[in-house]
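Okay, structure first, notes after.
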Amino acid sequence: MNKKIKSNRYKPETSEAAALYSGANIDFCLKCIITVASISVLSLCSIFAYDFITQSSFFNIKQIHISGAERVLNDEILSLADLTQEKNIFRINLYSIERRIASHPWIDSASVNRSLFISTLSISIVEQKPLAIVKIENLADILINTQGRPFKEYDPLEDHGENLPVISGLDLTQKDNQYMFDGPLFNSIMNFLHTENPNRFKTIKADKNTGISIQAGDIYNRMPDPENGFVLLKLGFDNFDAKLKKAKMISEYIDKHFPDRTIRGIDLFNIQKVFIKTKLADALHTNLEKGV
């Protein structure tokens, strides 16, 4: 009787299963090689395509539209953006162009967009809106915008701020590595400038103890003084609307009851107790207190 032969579990098999395992490994390696080769080919194609697109003159910028620029010339904007020569629309960095344009002192912000299909670049500009000129002792005059931020040194020949009010009595402060105007006195000035049309006032003097005084256009006399052409108003720190209305009421009162007198100044620091300086002929009269 023949014995049944058992397989030796300690000896590696060379059966069909082992052959299938070996074939699977070869298939996996081939797939890896094909995948790597495909990725390499695609990468090379992408590089060639990128080089072709970014270097081809076919994709150069055909048109540049600039909007919002009134004070700043278009040539200045193109020079800042480095767009004076033909550029490929795919190669430009929009964020970098926006930053370069916004570096101009008269430009508050810039937005740049591109239309790839028509090769057009659109540049939208927001210019600074000057509010006043600030005079600082031993420093150059400074322009501030409607938010009260200083944005450039004032150049009378280039900036043409003849109609802007001139503020004195302020100092710059440093905050977050920037120089700016700050504090209750400056806040009072900003409140006043946003209360009234600032072009009505020639000068604004600031004092930390008495607030602000202004040289107002002479709308308070029926016959303005041709030599001066302004009336000094002392307004303090607040309640500017009510004080300016009070000044107008006083001018009407003086015109009615003292027609021979011309108002030279009105102290409205305390609206309940107003002092008026008037001029009669060539003589200046002392303070005339009236409860108007």
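Can you work out which of the residues in region 78-103 that are of a type outside the set (D, E, K, R) and in contact with a helix residue (DSSP H, G or I) (Cβ under 6 Å, 6 or more places away or on another chain) is nearest to LYS152 (Cα to Cα)?
So the residue we want is ILE101.
State whether one or more residues within region 106-123 are in contact with a Pro (Cβ under 9 Å, 6 or more places away or on another chain) and aliphatic (A, V, I, L, M).
Within region 106-123, none of the residues are in contact with a Pro (Cβ under 9 Å, 6 or more places away or on another chain) and aliphatic (A, V, I, L, M).
Restricting attention to region 267-280, and to residues there that are open to solvent by 80 Å² or more (accessible area, probe 1.4 Å) and more than 39 Å from the chain's Cα centre (by Cα), which single residue is nearest to ARG222 (Cα to Cα)?
Checked region 267-280; the qualifying residue nearest to ARG222 (Cα to Cα) is LYS277.
Okay, residues lined up against (1) without any contact (Cβ under 8 Å) to a residue 24 or more places away in the chain; (2) surrounded by 18 or more Cβ atoms within 10 Å (Cβ to Cβ); (3) in a helix (DSSP H, G or I):
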{"position": "ALA132", "(1), (2), (3)": "no, yes, no"}
{"position": "GLY161", "(1), (2), (3)": "no, no, no"}
{"position": "PHE186", "(1), (2), (3)": "no, yes, yes"}
{"position": "MET190", "(1), (2), (3)": "no, no, yes"}
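Would you confirm whether any residue within region 200-216 is among the small types (Gly, Ala, Ser), open to solvent by less than 50 Å² (accessible area, probe 1.4 Å), out of contact with any Ser or Thr (no Cβ under 6 Å at 6 or more places or on another chain) and at pLDDT below 90?
yes
Anything in region 234-266 that is charged (D, E, K, R) and open to solvent by 50 Å² or more (accessible area, probe 1.4 Å)? List them, or say none.
LYS234, ASP238, ASP241, LYS245, LYS248, GLU252, ASP255, LYS256, ASP260, ARG261
Which residues, counting only those in region 66-98, are open to solvent by 60 Å² or more (accessible area, probe 1.4 Å) and in a loop (DSSP other than H, G, I, E, B)?
GLU70, ARG71, LEU73, ASP82, THR84, GLN85, GLU86, LYS87, PHE90, ARG91, ASN93
The values are calculated or read from the model by the stated rules, or taken from the named source; none is laboratory data. Since the structure is predicted, the reported quantities are computational estimates derived from the model, not experimental observations. Virtual Cβ from ideal backbone geometry, glycine too; neighbours counted across all protein chains shown. Remember, those area values only see protein heavy atoms, side chains included, never the ligands or the DNA or RNA. Shrake-Rupley method; radii C 1.70, N 1.55, O 1.52, S 1.80 Å.
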